[in-house]
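Report on the following structure.
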Amino acid sequence: MTYQYWHPDIETMPRPELEALQLKKLRDMITYSLRTPFYAPKLHAAGIKGPEDLKTLDDLKRIPFTTKHDLRDGFPYGFLSIPKEEVIRLHASSGTTGTPTTIYFNREDLRRWTSYVARCIYGTGCNNTDVFQNMITYGLFTGGLGFHAGGEEVGMLVIPSGSGNTTRQFRLMQDFGTTVVHATPSFLLHVESIMRAEGVSRDSLRLKRAFAGAEPYSEDTRRRIEGLLGIDVFNSYGLSEMNGPGVAFECQCKNGLHLWEDGYIAEIINPDTLEPVREGETGELVLTILCREATPILRYRTRDLTGFYTEPCACGRSHRRIRRITGRSDDMLIINGVNVFPSQIEEVIMAMKEVGNNYLIEIEKDGVLDRLTVKTEVGPETFMDDSRLLNALKERIRKTLQASITINPRVELHESGSLPVSEGKAKRVYDKRPKDV
Ligand code: DLL
């Protein structure tokens, strides 16, 4: 196989050079971090007063971890390192309680992010003859605009179709001869099942590749999508705190995701002891961004569980590969690609006085998509025989939840005291989706 590289010198850079580059960029990040209200006192406390105080990459370990909680506490500008007039875009992460985590970009930050996404796309074998349909949510979510810009950078014809509306997606694919799509793996499976239902034959399309990410999926799911659609599926990993997509991506070998180490420093730690795991072992991925001036984030605990491959990749890239993400070390749920914390649901329902104390969250597969059901007891004062009142309450809960978590849940009301009560620590989340990761 011939492999194509977008940034050949960087992608195949010998490791000693790559690590020297990391140190240089890390020092720049320290300069920017020292300008933020959040990091300035933390770095000073660690004895870091300027970039020169970091002598080796190992000195990074002197800096404490940053968590999602810190980002929320720092809302809105605690992590901003440049004057507001120089900021030209923000993105915000879904799946937070009330306060979003917001990331700011200057013009160069956006240019750099775009070039990482272009590197990922090109490395799968795409080029400017491709027609790219970006079937993922645009807006504050980074998947839409991130891939859009990366696709344009490669020179592909980019169709900003966004997610949903499957019938229209087929129409666009047929009209413009789409060769590459980007979606969550669950949406790709959904597309395939609608294709069958609507009698759209795979031969009427020119699809060759798909980029699938933003949620965990198994190797079996990848193979299933590949088999059903007759295409190659590449795993795409990223998170809004680290720009979004473009952090780690599979190359043509489809065997682990190259984590772009000139843009990010990766550590893998034991989430309980916070000590590094041995090379190759599974743990929590911790990332330091090296490619964003406006919002530097150091040693961010992603909560994603993975490990490094220890052997080099056949493609010749020197950047290490991480294994498919197998889960998280916190309680965040990913439902049809949207991040949801159980605490967000609790916050909404517990604020309603007609609602009782007990509730359950259930996630199941409905066909290929995820379905969220929120079961809640009504308060002792609410009569279960007043169906008009109950329906109105149900609808109000549904709408308020949808406004908070952006997905539309099913809501079930139960009589006071009728939902199961766990002994000890309450078990409220029942994730009934098959665990095939
Ligand atoms: O999901 C960014 C993205 C967009 C990645 C498009 C890939 C494609 P967030 O909404 O901040 O950002 O969610 C980040 O999603 O910490 C993981 O838990 C999960 N995640 C993302 N990609 C994968 C993947 C975007 N390939 C969170 N496999 C991350 C498993 C993934 N989980």
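The values are calculated or read from the model by the stated rules, or taken from the named source; none is laboratory data. The structure presented is a predicted model; accordingly, all values stated were derived computationally and were not measured. Methodologically, a virtual Cβ is constructed for each residue, glycine included, from the backbone with ideal geometry; neighbour enumeration extends over all protein chains shown. Just so you know, the surface numbers come from the protein's heavy atoms only, side chains and all, with ligands and any DNA or RNA stripped out. Shrake-Rupley method; radii C 1.70, N 1.55, O 1.52, S 1.80 Å.
Based on the alpha-carbon gyration tensor of region 1-156, what equivalent-ellipsoid semi-axes (square roots of 5 times the eigenvalues) come out, in whole Å, largest first?
Numbers: eigenvalues 188, 110, 32 Å².
Equivalent-ellipsoid dimensions as semi-axes: 31, 23, 13 Å.
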Tell me, how many Å apart are the Cα centres for region 240-315 and for region 357-380? 33 Å
Which one, Gln252, Pro296, Ile103, is farthest towards the positive end of the dipole of the chain when Lys and Arg carry +1 and Asp and Glu -1 on their Cβ? Gln252
Treat each spin label as a single point 7 Å out from the Cα along the C-beta direction, and report the Thr56 to Met1 distance in nm. 3.6 nm
Run the quick spin-label model on Ala403 and Met352: label points 7 Å from Cα toward the beta carbon, then report their separation in nm to one decimal. 1.2 nm
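In region 358-437, which chymotrypsin sites (Phe, Trp or Tyr not before Pro) fall in coil by DSSP and have 14 or fewer other Cβ atoms within 10 Å? Don't skip to the answer; put the middle values down first.
Values: sites: Tyr359, Phe383, Tyr430; in loops: Phe383.
Those satisfying the criteria are Phe383.
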Suppose we keep just the alpha-carbon trace of region 187-293; what are its Rg and Dmax in angstrom? 17.2, 54
How high is the FRET efficiency between Leu21 and Asn391 when r is their beta carbon distance and R₀ equals 51 Å, given to the nearest 0.05? 0.25
Within a Gaussian network of the chain (alpha carbon springs, distance under 10 Å), most fluctuating of Ile82, Ile322, Ile30: Ile82
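At 10 °C and a viscosity of 1.306 mPa s, what translational diffusion coefficient does Stokes-Einstein give for region 269-414, taking Rh as the Kirkwood radius over Cα pairs? Give it in µm²/s as a whole number.
D = 85 µm²/s.
At R0 = 25 Å, how high is the FRET efficiency between Lys254 and Lys427 if r is their beta carbon distance? Nearest 0.05 is fine.
Computed FRET efficiency for Lys254 and Lys427 comes out at 0.10.
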Looking at the chain as a GNM with Cα springs under 10 Å, which of Phe147, Phe187, Phe249 has the largest mean-square fluctuation? Phe187
Whole-percent carbon and sulfur contribution to the accessible surface of the chain (1.4 Å, no ligands, DNA or RNA) stands at 51 percent
Looking at the P(r) of region 246-302, how many percent of alpha-carbon pairs lie beyond 17 Å? 45 percent
Quick one: putting +1 on the C-beta of Lys and Arg, -1 on the C-beta of Asp and Glu, what dipole do you get for the chain around its Cα centre, in Debye to the nearest 20? 400 debye
Taking loop as defined by DSSP and a crowding limit of 14 other beta carbons within 10 Å, which GluC sites (Glu not before Pro) in region 187-236 fit? Glu198
For region 1-155: relative contact order, % (alpha-carbon pairs under 8 angstrom, 6 or more apart): 22 percent
Are there any trypsin sites (Lys or Arg not before Pro) in region 257-333 that are in a DSSP loop and have at most 12 other Cβ atoms within 10 Å? List them by number. Arg278
Largest-first semi-axes in Å of the equivalent ellipsoid built from the Cα gyration tensor of region 334-437 are 23, 16, 12
Candidates Asn357, Asn336, Asn106, ranked by Gaussian network fluctuation over the chain, Cα under 10 Å, top entry: Asn357
If you count the DSSP beta bridges with both ends in the chain, what percent of them are antiparallel, to the nearest 5? 60 percent
Contact order normalised by length for the chain, with contacts defined as Cα pairs under 8 Å and 6 or more residues apart; what percent is it? 15 percent
Among DSSP beta bridges lying fully in region 168-318, give the percent that are antiparallel, nearest 5. 65 percent
Classify the chain from the C-alpha gyration tensor, please: rounded if a/c falls under 1.5, else prolate or oblate depending on whether a/b exceeds b/c. oblate
Taking every alpha carbon pair in region 13-100, what does the distance histogram look like in 10 angstrom bins from 0, in percent? 15, 40, 32, 13, 0
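Given R₀ = 30 Å, FRET efficiency for Asp220-Tyr77 by Cβ-Cβ distance, to 0.05? Please list the in-between numbers first.
Values: r = 44 Å, r/R0 = 1.47.
The formula returns an efficiency of 0.10 here.
Students often check this: by mean Cβ neighbours within 10 Å, which of 131-138, 305-312 ranks highest, and how do the rest follow?
Ranking the peptides 131-138, 305-312 by packing returns 131-138, 305-312.
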Accessible surface, region 6-133, averaged per residue in Å² (probe 1.4 Å): 45 Å²
Figure the gain on full extension for Leu228 and Glu415 (residue separation times 0.36 nm, minus the Cα-Cα span) and round it to one decimal in nm. 62.9 nm
Positive-end residue of Thr373, Thr326, Val277, charge dipole of region 239-387 with Cβ unit charges: Val277
Please report, ordered by residue number, every helix of the chain (full DSSP H runs) that is 24 Å or longer along its axis going by C-alpha atoms and whose mean Kyte-Doolittle hydropathy reaches -0.5. 387-405
Report the charge-dipole magnitude of region 1-158 in Debye, nearest 20, computed about the Cα centre from +1 at each Lys and Arg Cβ and -1 at each Asp and Glu Cβ. 460 debye
